[in-house]
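The values are calculated or read from the model by the stated rules, or taken from the named source; none is laboratory data. Note that the structure is predicted; figures quoted are calculated from it, not measured. Positions of Cβ are generated from backbone atoms using ideal geometry, with glycine treated the same way; all protein chains shown enter the neighbour counts.
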Amino acid sequence: MNSDNIQYPLQEKIGNPDLLVGREKEFKNFGKWIANIPKKLSKSRVILARRKSGKTAFIQRIFNKLWSENGKVIPFYFDISENKTWYPTFAIDYYCAFATQYISFIERKASFVGKLLPLEQLRDCAIANGIELMIEDIDAIQENKAAGLNDLVWKIAYSAPHRFADMYDISFLVIIDEFQNITQYVYPDPHYQTAPIESLAGSFHYHVESKIAPMLVTGSYIRWLINISSRYLEAGRLTEMFISPYLTHESGLQAVYRYANAYGEPITNDTAVQINTLCMSDPFFISCVIQSNYEDKELLTEEGVINTVNYEITNRYSEMSRTWGEYIQLTLQKINDRHAKNLLLFLSKHSDRYWTPAELKETMGLELEINEIQEKLLTLVEADMLEWGNADIDFRGLQDGTLNLILRNRFEKEIHNFEPDLKKEFHEKIEALKQEEHKIQGMLSNLTGQVAEMQLANAFRSRKRFKVSSFFTIPDGGNIQDEKRANEQTDESSFNISEASLSISETPLSISETPLNINETSLNITDTPLNIVDVKTRVIFQREDGKNLELDIVAESSCGRVLVVEVKKQAAKSGRSMIEDFHEKVMIYQNLRPDNIMIPAFLSLGGFTETATVLCREKKIAINDSIMNF
C-alpha cells in the first residue's frame with residue numbers, strides 16, 4: 001500500500017507521511033482483507049501491539065488510502081482517548097465523527113475529516129445530499145438527549161455504520177483506535193463522580209459481526225483488550241492480528257534515513273547502519289535518537305551514536321525513557337515488589353524459551369513457593385509484561401529488545417546491586433557489525449534505489465565542505481581523476497562515487513559556455529569547495545502559470561551558490577526529455593532567485609541515454625549514474 005497519489009485528509013500522528021516505512025507484509029495482508037469487504041467476506045479484526053509500535057500510523061494510513069481511492073469501502077476512524085468524558089457527549093461525538101467523515105467522503109471535502117461538524121450543520125449537509133437516514137438520526141438524537149434517554153442516543157451512534165451500509169447498499173470499515181479505553185473513560189454522570197461504564201464495549205456485541213461494516217480495532221494493552229473482547233464480544237468475533245514494533249533491517253535503515261532527512265540531522269552511511277542496529281530497527285527508538293535532546297548529540301561518529309542511544313535509554317527525562325516510564329508505571333502498578341521485578345528482568349533477558357514456575361524457582365534460587373511464583377507470573381501476564389504459553393505453566397519474556405533495555409536500566413541495580421554497562425555492550429554490537437561489512441554494503445546498495453536522494457542529501461550535510469566533483473562528473477575540461485584523488489585524501493566521508501561513474505564521456509565537457517543563461521561564475525564549481533549551510537529535499541515552487549514544480553535536492557552554500565540535484569531511481573536510463581524537464585525547472589528556479597548561482601546536477605541510477613548525455617554536455621549539467629556507500 002504505497003503512498004503514491006494518496007491524499008491525507010486525516011492528519012496522521014506520525015507527521016510527515018514519508019516517515020511511515022516498511023510494513024509491506026502487513027499492508028499486503030490487510031489489502032486482501034479490505035478487498036473482500038464489498039464481497040461481504042471480511043471478518044472484524046483487532047490489532048494487538050504495545051505502545052509506540054506504529055499501529056496508529058498503520059490504521060491512519062489505511063483510512064487515508066481508502067478515502068483517496070474513493071472506492072467501494074468508506075472508512076470511518078475514531079480514537080478513544082485517555083480522557084474522561086460524559087456518556088451522551090461521547091455518543092454524540094461518535095455519531096458526529098461518523099457523519100462528518102461520511103459527508104467528507106461523498107462530497108470529496110478533505111477538510112471535513114479533521115473537523116467534528118455539529119448536528120445542525122450535519123443535518124443541512126444531509127438535506128443537501130438527500131441522506132434521509134442521517135436526517136432521521138439527528139432528529140432522534142436531539143429528542144432523546146433532551147429527554148435524558150442517553151442509551152438511545154448511544155444506540156443510534158454505534159449502530160450507524162451498519163445501518164447506513166444496509167440502507168444504501170454500501171460498505172464501511174469502522175476503525176476504532178485504543179478500543180480498550182471505552183471501558184475506563186466514559187462516565188454516566190457529567191461530573192465523573194461514579195464509576196465509568198465498563199460494559200460499554202458490549203454495545204458492539206452484535207455489530208462486530210457485521211460483514212457490511214466490519215470493525216478494525218486496536219489496543220496498546222494487549223491482555224486488557226483480549227479480556228474485554230472475551231468478556232463483552234465473545235471469543236472469536238474479532239480475529240487477532242499481532243504487529244511487531246520492529247521493522248526488517250532494510251526498512252529500519254530506510255527509517256533512519258527518512259527521519260534524519262526530515263529533521264535535517266547529519267549522519268553518514270556508517271552511522272546510519274549503527275543507529276539502526278542499536279535501535280534494533282524500532283522506528284520509535286530511531287525517531288527518539290534522531291530527535292534526541294541530548295546536549296552533546298552528534299551522529300556523525302560511532303562514539304556520538306553510542307552516547308546518544310545511551311542517553312535515550314538511561315536518562316529519566318529523555319523522550320524514550322519518559323514514554324516507557326508511563327507504560328511501565330501503568331502496567332506494573334499491581335506488581336511493584338522486588339520478586340516480581342526480579343522475575344520480569346530474568347524472563348526478559350532469557351526470552352528465547354518458555355519457563356515454568358518450578359524451573360524459575362530452581363534456576364533463580366527463589367525463596368518463594370511455586371504457587372506464589374505462578375501467581376506473580378499471571379499478574380505480569382495481565383500487566384502485558386509477559387507472554388503466556390499454551391500450557392498454563394509456561395511463561396516467556398516479551399521478545400522486545402527495547403523493553404529489555406529499559407527494564408535493565410530501571411531494575412538491574414535494585415535487583416542485582418549493579419548498573420548495566422550499556423555503552424560497553426553498544427560498542428561490542430558495533431564491533432560485531434563491522435565484521436559483516438560485506439553484508440552491510442549489500443544492504444545499503446539494495447536500499448539506494450529507495451532512498452538515493454536522502455543518502456545524497458545526508459552526504460552533503462555530513463561533509464559540509466566539498467567540491468561538486470566529489471559526487472558528480474564536472475564538465476571543466478580538466479583532469480577529473482586527479483581531482484577525485486585529491487578529494488579522497490582530504491575527506492574521510494564514507495559517501496563516495498565509483499571511479500567508473502566519473503568517466504561517462506571520452507570528450508571533456510567545456511565550461512566556456514553559459515549554462516541556463518546564468519552568470520559565468522557558476523561554472524567555476526570545481527575551483528572552490530562549497531560550504532553547505534542548508535540542505536532541503538523536495539523543494540516545491542511554482543511556474544508563472546501556477547503549476548507546481550519540484551526539485552529533489554537543493555543544497556545552499558554560504559557563497560551564494562546553490563547545488564540543485566535531480567534524482568532518478570528507476571532501472572531504466574534517463575532520456576533527453578527528462579533532462580529537458582530538469583533544465584526547465586532549474587531555469588525557472590534561477591529566475592526566482594536571481595542573486596544566487598545555480599549548479600545543476602543529475603543522478604540517474606539507471607544511467608543515461610546517449611542523447612541525454614549529449615544534452616547534459618550542452619547544458620553544463622553535472623551527472624553521475626551510481627553511488628558507492630563505503
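Going by the conditions given, is GLU414 at pLDDT 85 or above and either assigned by TED's automatic domain parsing to the domain that holds THR537 or within 30 Å of ARG338 (Cβ to Cβ) (or both)? Step through it out loud before you land on a result.
Working: at pLDDT 85 or above: no; either assigned by TED's automatic domain parsing to the domain that holds THR537 or within 30 Å of ARG338 (Cβ to Cβ) (or both): yes.
So GLU414 fails the test.
Can you confirm whether segment 347-355 contains a residue that is outside any helix (DSSP H, G or I), of a type in the set (A, V, I, L, M, F, W, C) and on the phi < 0 side of the Ramachandran plot?
Applying the first criterion (outside any helix (DSSP H, G or I)) to segment 347-355 yields 350-355.
If we keep only those that are of a type in the set (A, V, I, L, M, F, W, C) as well, we get 355.
The next check asks that each one be on the phi < 0 side of the Ramachandran plot; those that pass are 355.
Yes; the residues of segment 347-355 include at least one that is outside any helix (DSSP H, G or I), of a type in the set (A, V, I, L, M, F, W, C) and on the phi < 0 side of the Ramachandran plot.
Residues in segment 136-185 that are under 28 Å from ILE37 (Cβ atoms) and over 39 Å from the mean Cα position of the chain (by Cα): GLU136, ALA140. The C-beta contact set for segment 144-169 (first residue under 18 Å from TYR187 (Cβ atoms), second residue among the charged types (D, E, K, R) and surrounded by 15 or more Cβ atoms within 10 Å (Cβ to Cβ), distance under 8 angstrom, 6+ apart or interchain) comprises VAL153/LYS145.
Among the residues of segment 403-444, count how many are in contact with a Leu (Cβ under 7 Å, 6 or more places away or on another chain), aromatic (Phe, Trp, Tyr) and more than 15 Å from ASN276 (Cα to Cα). Within segment 403-444, residues that are in contact with a Leu (Cβ under 7 Å, 6 or more places away or on another chain), aromatic (Phe, Trp, Tyr) and more than 15 Å from ASN276 (Cα to Cα) number 1.
On the basis of being touching a residue at least 40 places away in the same chain (Cβ under 8 Å), within 29 Å of TYR168 (Cα to Cα) and within 12 Å of the chain's Cα centre (by Cα), does ARG45 make the cut? Spell out how you get there, then give the answer.
Details: touching a residue at least 40 places away in the same chain (Cβ under 8 Å): yes; within 29 Å of TYR168 (Cα to Cα): yes; within 12 Å of the chain's Cα centre (by Cα): no.
Taking the combined requirement at face value, the residue does not satisfy it.
Screening ASN261 on (1) over 25 Å from TYR327 (Cβ atoms); (2) assigned to a strand (DSSP E or B) shows it passes everything except condition (2). Look at GLN254 and say whether it is assigned to a helix (DSSP H, G or I), more than 22 Å from ARG408 (Cα to Cα) and not hydroxyl-bearing (Ser, Thr, Tyr). It is true that GLN254 is assigned to a helix (DSSP H, G or I), more than 22 Å from ARG408 (Cα to Cα) and not hydroxyl-bearing (Ser, Thr, Tyr).
Kindly indicate the residue of segment 395-426 that is of a type in the set (S, T, N, Q) and touching a residue at least 12 places away in the same chain (Cβ under 8 Å) and also nearest to THR356 (Cα to Cα) among those meeting that condition.
So in segment 395-426, the residues of a type in the set (S, T, N, Q) come out as 399, 402, 404, 409, 417.
Next cut, touching a residue at least 12 places away in the same chain (Cβ under 8 Å) only: 399, 402, 404, 409.
Numbers: GLN399: 17, THR402: 24, ASN404: 20, ASN409: 26 Å.
Result: GLN399.
Does any residue of segment 196-212 turn out to be more than 35 Å from the chain's Cα centre (by Cα) and without any contact (Cβ under 8 Å) to a residue 40 or more places away in the chain? No, segment 196-212 has no match at all. LEU133 meets each of the listed conditions (1) part of a helix (DSSP H, G or I); (2) out of contact with any strand residue (DSSP E or B) (no Cβ under 6 Å at 6 or more places or on another chain); (3) in contact (Cβ under 8 Å) with a residue 40 or more places away in the chain apart from (3).
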